[in-house]
Each structure stands twice: as structure tokens, then as C-alpha cells.
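Novice: What follows is a single structure, and I will ask about it in a moment.
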Amino acid sequence: MKKKLFCVALCVVVTMGLMVGCGSSSEKSSTAKDSYTIGYNNFGKGAYPLDLNQKETKYAVEAVGSKLKTANDNFTVDNVISDVKNLISSKVDGVVVWTAADTLYGSLDDLMKESKMPFALGDKYPKSEKTIKKLQDNKYFAGAVSTDDVLTGKNIAKAAYKDGHRTALIVAAAVGDTNHDARVKGFTQEFTKLGGKVLGTVHCADPSEAVQKSGDLLAAHKNADCLYGSGGDYSNGALKAMSSAGISMPVYGTDIDPNVIKGIKNGKIKAANGAAGTYCASFAAMLLINYLDGHPIKDKDGKAPATKGLQTIMVTKANVKNYEKYWINGEIFSKKEFQNLLYRNNKNVSWKDYQDMIDNYNYKTRMEAVAEK
């Protein structure tokens, strides 16, 4: 009799254990989906580099079977948080955020905790490591991928100095834009360190001001050797201002759009570096989808990863045709490359796989990848 009671009790315990196991498994599978809706805020539709960022993020997200829902901040910093709130209200599964200004991180951190919304940062990176560490303490944070824009500015300054220029002008975005501020800082530091001098810098509240402010700067410094545009709109605005004033001056830039490509081809733009920020949100979206799948990617310290290691490509007359063909008119990353960054497709995926793709991103390796297709 005791043996029979023991067997019955054991069966009950085992059955309950199985029920509990099934319950947790069911709960886990109910939170993961085959397809997610990822929110994304475009800081200003109509600006080619920003629209290209959105296009490539959409390509990456759709390559892994999800979809992108976007919001337009209309070049207004105050709209960023409200647009992210609107994306959350629309029931997206997670958001890749373009933060526009360093002052937004505290509000963003609070919003995501309150709404319990998973998020990642694409193309924007906090100035302070203290800020990134605070974000990493947020359990809804999936990671951040950006560029080192100080280095971006330094690299284009080296190109200008190497070409023999010793005085420069700078046309840039509004003060407070973390990417452009860093580019201006890097260019100024490196150009000065090499022995050159920046004669003047102007900042534009939005791209529409680039022509007038470039004209004012050129009028004040007619004998400058070259001009640096911290974004494609500013390089192009400067060229228009030069054309109106009858001035010819070599232009160097960051961010590459069809007009910049045209300028490189006709020799008015000597060099431009870009094509890095374009893909930051693509990698960030993969981190976010892994998080949503219940398999978050962690760095060596067990934190959500954060890097500004995705670096720009220098485009000159020598490689501009290939750049136009494979970066602008084609897709330089394959769908399979993005698919392999997800645990659902690659059970061995780790932060090292992301780092390897980011660290090895340059003109040479991407052209080699194209040749292998």
C-alpha cells in the first residue's frame, strides 16, 4: 500500500514538474516572434544621408524577416523623444533610436524603462562613458553601434593636408549634433596638429542654411585653401555658394550622396569619407532582434555591447565608380550576412562576430566580398 501511494505521489510530482516546464517554455515562445515591427526615427526625411540610413536599416530588418516602422523628426531635437513615444504607442516590438543630441539620453533611458520597451542606438553614441554605462544598466537596452566621428574628421583633415592645403574653412550642422560636433573637432585638431589653420567655421540649423552660411564664410575668407563640409548637404551647399560667387576652392567632405559623387567625378570635391553611419542602425537592429528573440548579445563583461568602431571609407576619383555601383546603387552587405548575426539562424553567434564584421569593414574587404559573390 505504501509503495502504491509513493508511486502515485511521484507521478503527481513529475506531472506537475512537466506542467511547470511546459508553462515556462510556452511563455518564452510567446514573447519571441518570427517577425517583429522595429521602430526607427529618421531625424529629417529629405536629407540624403539620413534617408540612406533609413533605407539600409529597412533592408537589413527585412532581410531577417521583420519590418521597419519609421517616424520623421523634421530636423527638430525636441521631436525625437515624442516620436519615439509615438512609435511605442503604435505597438512596435522595439526601437532603434537616432538620438540627435547628447542631452536626450537621460530622457530616453527613463522612457524605455517606464514603457518597458527594448531599444538600441544606431549611429549616435554618448560623449560620456558614464552615460553608456548607465544605458547598459537598463535591462531593456540591447546595444549601440556607431562611428568614431572624431577619427572621421581627423582622417579627412589628413587627406586635405596631404594634398598641400594649409588653411581651411568648415561648414557644419548645428552645434549639439554629436556626429557633426565630433567631426569638426577631429578635423580642427588634426589639421592644426599637422601645421594647418582653420580660418572659420559656420554651423547650420538645418541643411537649407548651407548655401547662405557658406557664402558668408567664403566672403570673409576668400583666400582659404580648402573647405570641409561635415555632411553631404554642407559640401553641396558650399559648392553652390562658390558657383554663385565665382569662387573655385577644393572641397573635402564627410557623407556621400549622388551630388557629392558628381562633385568627386568632376574634381570639385577632392575626397569624401562616409558609408559608416549608413550601416550602424543595421547592426543595432540585429542586436535588438536577438534581444527580442530571448538571446541577447553580450560583451565580455556580460553587458549589452556598445561600440563606435564602424569606420568610414575614403572615396576619391580613383574609387568613386565602384563606390557608386556597389554602395549607392547596390547592397554592399548580403542578406545572409545579416541573417548570420541572429541566434535563430546561427546558434554560435556572439559579439565577436559583430566586432569582426565592424572591425573588418573597409573598401578593400568589401570589394573582395563582392568579387566572391
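The values are calculated or read from the model by the stated rules, or taken from the named source; none is laboratory data. Values in this document were obtained by computation on a predicted structure and should not be read as measured data. In this analysis, Cβ positions are derived from the backbone assuming ideal geometry, glycine residues included, and neighbour counts consider all displayed protein chains. Side chains are part of the model used for accessible areas, which takes the heavy atoms of the whole protein and leaves out ligands, DNA and RNA. Shrake-Rupley method; radii C 1.70, N 1.55, O 1.52, S 1.80 Å.
Novice: Applying the selection to segment 252-278, what residues are part of a helix (DSSP H, G or I), open to solvent by 10 Å² or more (accessible area, probe 1.4 Å) and either of a type in the set (Ser, Thr, Tyr) or closer than 18 Å to Thr152 by Cα (or both)? Please lay out each step first, then the result.
Specialist: Taking segment 252-278 and keeping what is part of a helix (DSSP H, G or I), we get 258-265, 277-278.
Narrowing the set further to residues that are open to solvent by 10 Å² or more (accessible area, probe 1.4 Å) leaves 258-259, 262, 265, 277-278.
Selection gives Gly277, Thr278.
Novice: Which residue out of Asp293, Asp233, Asp255 is at positive phi and not aliphatic (A, V, I, L, M)?
Specialist: It is Asp255.
Novice: Can you find a residue in segment 103-114 that is within 17 Å of the chain's Cα centre (by Cα), modelled with pLDDT under 95, open to solvent by 10 Å² or more (accessible area, probe 1.4 Å) and closer than 30 Å to Asn273 by Cβ?
Specialist: no
Novice: Identify, by number, the condition in (1) within 24 Å of Leu50 (Cα to Cα); (2) in contact (Cβ under 8 Å) with a residue 60 or more places away in the chain; (3) buried (at least 19 other Cβ atoms within 10 Å of the Cβ) that Glu324 doesn't meet.
Specialist: For Glu324, the exception is condition (3).
Novice: Take the residues in segment 48-69 that are within 15 Å of the chain's Cα centre (by Cα), at pLDDT 95 or above and among the hydroxyl-bearing types (Ser, Thr, Tyr); name whichever of them is farthest from Ser208 (Cα to Cα).
Specialist: Ranking the candidates gives Tyr59 first.
Novice: Next question, about the same structure. Would you check if there is a residue in segment 243-251 being modelled with pLDDT of 95 or more, closer than 17 Å to Met314 by Cα and not in a helix (DSSP H, G or I)?
Specialist: For segment 243-251, residues modelled with pLDDT of 95 or more, closer than 17 Å to Met314 by Cα and not in a helix (DSSP H, G or I): present.
Novice: Would you kindly identify the strands (runs of 3 or more DSSP E) lying entirely within segment 108-186 that contain at least 3 residues that are more than 25 Å from Val61 (Cα to Cα)? Spell out how you get there, then give the answer.
Specialist: On the way: elements: 119-122, 141-145, 167-173.
Of the strands (runs of 3 or more DSSP E) lying wholly inside segment 108-186, those with at least 3 residues that are more than 25 Å from Val61 (Cα to Cα) span 167-173.
Novice: Which one of these is more than 22 Å from Pro49 (Cβ to Cβ), out of contact with any strand residue (DSSP E or B) (no Cβ under 6 Å at 6 or more places or on another chain) and open to solvent by less than 40 Å² (accessible area, probe 1.4 Å): Leu292, Leu341?
Specialist: Details: Leu292 fails: out of contact with any strand residue (DSSP E or B) (no Cβ under 6 Å at 6 or more places or on another chain).
Answer to the selection: Leu341.
Novice: Going by what's in this entry, would Asn223 be described as open to solvent by 10 Å² or more (accessible area, probe 1.4 Å), closer than 16 Å to Leu50 by Cβ and out of contact with any Asp or Glu (no Cβ under 7 Å at 6 or more places or on another chain)? Spell out how you get there, then give the answer.
Specialist: Numbers: open to solvent by 10 Å² or more (accessible area, probe 1.4 Å): yes; closer than 16 Å to Leu50 by Cβ: no; out of contact with any Asp or Glu (no Cβ under 7 Å at 6 or more places or on another chain): yes.
So Asn223 fails the test.
Novice: Of everything in segment 31-59, what is in a helix (DSSP H, G or I), of a type in the set (A, V, I, L, M) and either touching a Gly at 6+ places or on another chain (Cβ under 6 Å) or without any contact (Cβ under 8 Å) to a residue 60 or more places away in the chain (or both)? Give them in sequence order. Break it down stepwise before answering.
Specialist: Filtering segment 31-59 for residues in a helix (DSSP H, G or I) gives 31, 48-59.
Next, only the ones that are of a type in the set (A, V, I, L, M) stay: 50, 52.
If the condition is that a residue be in a helix (DSSP H, G or I), of a type in the set (A, V, I, L, M) and either touching a Gly at 6+ places or on another chain (Cβ under 6 Å) or without any contact (Cβ under 8 Å) to a residue 60 or more places away in the chain (or both), then Leu50 is the only one that fits.
Novice: Just to be sure I understand, how many residues within segment 165-220 are more than 26 Å from the chain's Cα centre (by Cα), open to solvent by 30 Å² or more (accessible area, probe 1.4 Å) and touching a residue at least 40 places away in the same chain (Cβ under 8 Å)?
Specialist: 3
Novice: A follow-up question, please. Of the residues that sit in segment 60-93 and are part of a helix (DSSP H, G or I) and not hydrophobic (A, V, I, L, M, F, W, C), which one is farthest from Cys280 (Cα to Cα)?
Specialist: Taking segment 60-93 first, the residues part of a helix (DSSP H, G or I) are 60-63, 77-89.
Checking which are not hydrophobic (A, V, I, L, M, F, W, C) leaves us with 62, 78-79, 82-83, 85-86, 89.
On the way: Glu62: 16, Asp78: 23, Asn79: 21, Ser82: 22, Asp83: 20, Lys85: 22, Asn86: 23, Ser89: 25 Å.
Taking the candidates together, the pick is Ser89.
Novice: Output the qualifying pairs, or none if there are none: Cβ atoms under 8 angstrom, residues six or more apart or on different chains, first residue in segment 120-136 and of a type in the set (Lys, Arg), second residue outside any loop (DSSP other than H, G, I, E, B) and modelled with pLDDT under 95.
Specialist: Close Cβ pairs (under 8 Å, with a partner that is outside any loop (DSSP other than H, G, I, E, B) and modelled with pLDDT under 95) amount to Lys124/Thr178; Lys124/Asn179; Lys127/Asp102; Lys127/Thr178.
Novice: To continue, here is another question. Out of the residues in segment 354-369 that are assigned to a helix (DSSP H, G or I) and farther than 25 Å from Tyr343 by Cα, which is most open to solvent (accessible area, probe 1.4 Å)? Even if it seems obvious, please write down each step before you answer.
Specialist: Going residue by residue through segment 354-369, those that are assigned to a helix (DSSP H, G or I) are 354-359, 363-369.
Filter once more, keeping what is farther than 25 Å from Tyr343 by Cα: 363-364, 367-368.
Numbers: Tyr363: 60, Lys364: 130, Met367: 41, Glu368: 83 Å².
Applying the filter and picking the extreme gives Lys364.
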